[in-house]
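Single-structure report; data block below.
The values are calculated or read from the model by the stated rules, or taken from the named source; none is laboratory data. Note that the structure is predicted; figures quoted are calculated from it, not measured. Neighbour counts run over all protein chains shown; Cβ positions are idealised from the backbone, glycine included.
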Amino acid sequence: MPPTDADWHFSIRRVDGKTQGDFYELHDKEVLPSYFAKYVPNWQQLEWTEIKDSMMSKSESYAKDTEFKVNVMSRENGTKSHGEVVEAFLTFMSGA
């Protein structure tokens, strides 16, 4: 995950709804982009969809690959727009 003081964050889940056990240890922890890239190696090609009426954040977007779904969103008091949240994720991942 991005640094804990970032005004955005992301989550990753399996598309099929099954549990990915090794994700439990990552909850609310900083994770290197290279770890995430093991699960979604095509992160640069993801197509992002804005969630217009998200109950989780005023700026939330998601993208799916074949096995995993990624949600990126601003924190509760964050000011990032849809595009800025996606760009923050891509910038973070560029260190992979």
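Brief remarks follow.
- For the range 24-96, the strands (runs of 3 or more DSSP E) that sit wholly inside it and include 3 or more residues that are closer than 11 Å to TRP8 by Cα and either within 14 Å of the chain's Cα centre (by Cα) or free of Cβ contacts under 8 Å to residues at least 24 places away in the same chain (or both) are 68-74.
- Among residues of the range 17-58, those that are surrounded by 14 or more Cβ atoms within 10 Å (Cβ to Cβ), of a type outside the set (A, V, I, L, M) and touching an Asp or Glu at 6+ places or on another chain (Cβ under 7 Å), counted: 1
- Residues of the range 9-23 satisfying the condition of being touching a strand residue (DSSP E or B) at 6+ places or on another chain (Cβ under 6 Å) and part of a loop (DSSP other than H, G, I, E, B): VAL15, GLN20
- The set of residues in the range 10-23 that are within 14 Å of the chain's Cα centre (by Cα), modelled with pLDDT of 85 or more and of a type outside the set (Gly, Ala, Ser) comprises PHE10, ILE12, ARG13, ARG14, VAL15.
- Yes/no for MET93 being at pLDDT 90 or above and of a type in the set (A, V, I, L, M): yes
- Scan of the range 24-46 for residues that are out of contact with any Pro (no Cβ under 9 Å at 6 or more places or on another chain) and at pLDDT 90 or above, ordered by number: PRO33, SER34, ALA37, LYS38, TYR39, VAL40, PRO41, ASN42, GLN44, GLN45, LEU46
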